[in-house]
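Step one of this worksheet: look at the structure below.
The values are calculated or read from the model by the stated rules, or taken from the named source; none is laboratory data. This one's a predicted model, so the numbers in the text were calculated from it and none came from an experiment. Because the Cβ atoms are built from the backbone with ideal geometry, glycine has one as well, and the counts that use them run over all protein chains shown.
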Amino acid sequence: MLKYAVPFVVASMLAMGAPSKSAFTGGSYQVDAHHSDIQLVTDATTDYGKRKIDITLGFARVNGRVELNSDDLAKSSFDIRIYPADSMLPAIDEEGKFLSMWLADLSNHTLICFHSKGAVRTAEGRLQTTGNLVITRLDRNVESSAPSEAYSGPVYGQPIVHRVSREATFVFDAPSADGKGRKDGGVVASGSTRMFREDFPQLVRAVLATYWPPVVQDRNCEPATGTGEDYQGAICTGTVLMAAALPEVPHASNAEDYPGPGNFNVLVGNRLNILVHLRLLPKGSGQQAASGN
């Protein structure tokens, strides 16, 4: 059965923790989409606005490439793509091109890309890179029609592509010197960026409006044995990353079925934290990674 892992938000903000005593090793890397993830966090309130909280909107897959030049950081580059986890590769590209079959799933309508050239090392030993953060979103208008016996559901118009870019800065922790940041020949790195709604409203609105399916890492399915009524299909294992549930709404003591007022939890969405957890594989290593092309 699948194992569930719901990381606590504060613990996931690794780029805000103690600086690493190690450094990135120069080279060309490919992001391992099977073992990398993005956590999307925003602000909210609970207890009818009395308490401010951070909530995880969801997790996403990430792929791409990283070029690190340890002799001249200005020659380094980051090219990564962030997308819903219902497929190993993005369903749309940065320009909004898509396959019509993907339009049936609303979670396939959002793609976030980050492109940077150059990097600098901070006083704390972290790696800071600034570039363009691009949001590509497909929207479809619903064409209304008068109700009739022939009504078979909503009719959608042609997709409308929205693409907006803003400057953003990501800060990455270097792999730890004790070797915990290096696994199976790959390099594990964590970083983050923060964007406020007033600076990039299109990004925040698109992320809040997107459904982010759980990310399944290390998925392995084995065919089940047996036939007939006892057959239950393939048996899958893996680690599932999914957003934790919001605080529970209190119920009235004299009405078990009364759900309570609808504004106990409110999604504010004034800011968006993008927390990055990358496993970087050296190009040509032969290990499996979803292509960034």
note = Among strands (runs of 3 or more DSSP E) entirely within the stretch 174-293, at least 2 residues that are at pLDDT below 85 occur in 215-222, 235-241
ask   = Hey, does the stretch 33-49 have a residue that's of a type in the set (Gly, Ala, Ser), surrounded by fewer than 22 Cβ atoms within 10 Å (Cβ to Cβ), over 12 Å from the mean Cα position of the chain (by Cα) and not in a loop (DSSP other than H, G, I, E, B)?
value = yes
query = Within the stretch 63-87, restricting attention to residues that are aliphatic (A, V, I, L, M) and in contact with a Leu (Cβ under 9 Å, 6 or more places away or on another chain), which residue is nearest to Leu138 (Cα to Cα)?
reply = Ile82
inquiry  = Given the criterion modelled with pLDDT under 95, in contact with a Leu (Cβ under 9 Å, 6 or more places away or on another chain) and of a type outside the set (Ser, Thr, Tyr), identify the matching residue among Ala23, Ala60, Ala44.
reply    = Ala23
